[in-house]
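**Student:** One structure, as structure tokens, below. Some questions next.
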């Protein structure tokens, strides 16, 4: 039976990857707060890295201000440095960064990357790689605030052109500059037909 591509998928929890710095333009923090508020308004639980600083603090603040549910996942080492956001709906403390990423991924029905640095890039590309390998079929979106991710998208296209990335894998990346449009694209997302290299049991 062919999948109905107009069908919406349930997005009960969305994991947001974002920077622990605020960036140089207030528009970045405003976008993070707007994403948190939008998730809360739609009844979607925010899953994020548990921090109180930078973009992480802003997205949590936006969700909590709109009476949303927020689950933070933070390694013990960062929690000890008092970087955790007090007053979250739930704070999960892990032993390691790797355990943190696995827990966030298992909790989420989809993933959004807001502007950030190396950590954000790594988290988003890892979750994309897991989709490429067949470990999940959850939507992965970039919120390109102020066209922040245009250079990264150009790199992805360059990788396709040079034969390092199959066009089908490029389809795994959803991109919008407006958070509402990104959420709608994620709700409509149907994963491309890909060869499954691994399963969660064999990864």
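**Student:** Going by average Cβ density within 10 Å per residue, which order do the peptides 122-128, 46-52 take, highest to lowest?
**Tutor:** The packing order, highest mean first, is 46-52, 122-128.
**Student:** Determine the gain in length on full extension of the stretch residue 9-residue 160; use 0.36 nm per residue of separation and subtract their C-alpha separation, reporting nm with one decimal.
**Tutor:** 51.6 nm
**Student:** Here is a follow-up. Which order do the peptides 88-99, 10-21, 64-75 take when ranked by the mean count of other beta-carbon atoms within 10 Å per residue, highest first?
**Tutor:** So the order, starting with the most tightly packed, is 10-21, 64-75, 88-99.
**Student:** Using alpha carbon centroids, what distance separates the stretch 22-69 and the stretch 130-172, in Å?
**Tutor:** When both Cα centres are located, 24 Å separates them.
**Student:** A further question on this structure: In degrees from 0 to 90, rounded to the nearest 10, what is the angle of the helix 97-107 Cα long axis to the longest principal axis of the chain?
**Tutor:** 70 degrees
**Student:** Okay, next question. Write down the Å³ per residue value for the convex hull defined by the alpha carbon atoms of the stretch 13-188.
**Tutor:** Once divided by residue count, the hull of the stretch 13-188 is 106 Å³.
**Student:** When a/c is below 1.5 the answer is rounded, else prolate if a/b is larger than b/c, else oblate, so apply that to the stretch 123-203 with a ≥ b ≥ c taken from the square roots of the Cα gyration tensor eigenvalues.
**Tutor:** Oblate shape, in that a/c is at least 1.5 and b/c is the bigger or equal ratio.
**Student:** Using only Cα atoms, find the angle between the long axis of helix 54-65 and the longest principal axis of the chain, and express it within 0 to 90 degrees, rounded to the nearest 10.
**Tutor:** 80 degrees
**Student:** Suppose R0 equals 35 Å; then what is the FRET efficiency for residue 133 and residue 188 from their Cβ-Cβ distance, rounded to the nearest 0.05?
**Tutor:** 0.90
**Student:** Nearest 10 degrees is fine. How inclined is helix 118-132 to the longest principal axis of the chain, computing both from alpha carbons?
**Tutor:** 40 degrees
**Student:** Another question about this same structure. Work out, step by step, the length gained on full extension between residue 41 and residue 53: first 0.36 nm times the residue separation, then minus their alpha carbon distance; give nm to one decimal.
**Tutor:** Roughly 2.0 nm would be gained on extension.
Since every read-out is calculated from the coordinates, none of them should be taken as a lab result. Keep in mind that what you see is a predicted model, and the values were worked out from it rather than measured. Neighbour counts run over all protein chains shown; Cβ positions are idealised from the backbone, glycine included.
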